[in-house]
């Protein structure tokens, strides 16, 4: 299944990496371009035991990818997960506006 995760913080990244580890194809979307660059290079911007290895493994297997493009995320996922914090409410509202067009 193709799954989109909005947000790459503690909740979103762990959820996305875990779902990819179960064999799903996951696209994690975030508005923070620097964070996406870090993740695309196989690094994790915070410490969670085993997460870096899980991210790297699923990137290599092409089951986990990252983007800053909200529209790409909306189109990619058969299931969409909102994992943004209250401060990132704008990201969620933008995604909802895109969804309303369909």
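The values are calculated or read from the model by the stated rules, or taken from the named source; none is laboratory data. These figures come from a predicted structure and were not determined experimentally. Cβ sites come from the backbone with ideal geometry, for glycine too, and all protein chains shown count toward neighbours.
A count restricted to the range 1-13 and to residues that are closer than 19 Å to residue 50 by Cα and surrounded by fewer than 24 Cβ atoms within 10 Å (Cβ to Cβ) stands at 4. Of all residues in the range 56-84, those that are outside any strand (DSSP E or B), under 12 Å from residue 8 (Cα atoms) and at pLDDT 95 or above total 1.
Pairs, please: C-beta under 8 Å, at least 6 apart or cross-chain, first residue free of Cβ contacts under 8 Å to residues at least 24 places away in the same chain and in the range 21-44, second surrounded by fewer than 19 Cβ atoms within 10 Å (Cβ to Cβ) and part of a loop (DSSP other than H, G, I, E, B)? So the pair list comes out as 38/45. Only a single criterion out of (1) over 17 Å from residue 72 (Cα atoms); (2) crowded, with 20+ Cβ neighbours inside 10 Å; (3) in contact (Cβ under 8 Å) with a residue 24 or more places away in the chain is not satisfied by residue 16, namely (1). Scanning the range 19-54 for residues that are closer than 17 Å to residue 79 by Cβ, within 13 Å of the chain's Cα centre (by Cα) and in a helix (DSSP H, G or I) returns 19, 20.
Determine if the range 85-94 includes at least one residue that is modelled with pLDDT under 95 and crowded, with 20+ Cβ neighbours inside 10 Å. Yes, some residue in the range 85-94 is modelled with pLDDT under 95 and crowded, with 20+ Cβ neighbours inside 10 Å.
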